[in-house]
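The values are calculated or read from the model by the stated rules, or taken from the named source; none is laboratory data. What you are looking at is a predicted structure, and each value in this text was computed from that prediction instead of being measured. Backbone-built Cβ (ideal geometry, glycine too); neighbour counts: all protein chains shown.
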Amino acid sequence: MFVCANCNRGMRPKKNGTSFVEMAGDRPYKLWMADLWECQDCGAQVLYTAPTQLPIAEHYQPEFAAKLESYAPQYQSKEWSRA
């Protein structure tokens, strides 16, 4: 269960099978599929991937660019930092 930190309301799945790109700086790094969850009160959204899930494609694979085009990701995940 996901709970919105703003509203304290349980989130619900909005769309299953949403693609997103994990970025390394300003370059695409990995292509993932996720489930989009949304708070019914404030509209906050979360993309969820299971801990055992593997990416669809990674930057070093020859078909990476073609898969990026075919999945047309709507979301980008910025590189994680402590800042």
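What residue, among those in the range 53-83 that are modelled with pLDDT under 90 and of a type in the set (G, A, S), is surrounded by the most Cβ atoms within 10 Å (Cβ to Cβ)?
The qualifying residue surrounded by the most Cβ atoms within 10 Å (Cβ to Cβ) is S77.
Could you grab me the full set of residues in the range 1-53 that are of a type in the set (V, I, T) and in contact with a Lys or Arg (Cβ under 9 Å, 6 or more places away or on another chain)?
Step one: list which residues in the range 1-53 are of a type in the set (V, I, T), which gives 3, 18, 21, 46, 49, 52.
Scanning the range 1-53 gives V3, V21.
Taking the conditions exactly as written (over 30 Å from V3 (Cβ atoms) and surrounded by fewer than 16 Cβ atoms within 10 Å (Cβ to Cβ)), does A50 satisfy them or not?
Working: over 30 Å from V3 (Cβ atoms): no; surrounded by fewer than 16 Cβ atoms within 10 Å (Cβ to Cβ): yes.
So A50 does not fit the description; no.
Yes or no: the range 59-81 includes at least one residue that is among the aliphatic types (A, V, I, L, M) and more than 15 Å from V21 (Cβ to Cβ). Walk me through how you get there before you give the answer.
Kept after step one, since they are among the aliphatic types (A, V, I, L, M), are these residues of the range 59-81: 65-66, 68, 72.
Now narrow it down to the ones that are more than 15 Å from V21 (Cβ to Cβ): none.
Checked the range 59-81: no residue is among the aliphatic types (A, V, I, L, M) and more than 15 Å from V21 (Cβ to Cβ).
Name the pairs: first residue in the range 66-83 and charged (D, E, K, R), second residue assigned to a strand (DSSP E or B), Cβ to Cβ under 7 Å, at least 6 apart or on different chains?
Partner pairs satisfying both residue conditions: K67/L31; K67/A57; K78/M23; E79/M23; E79/A24.
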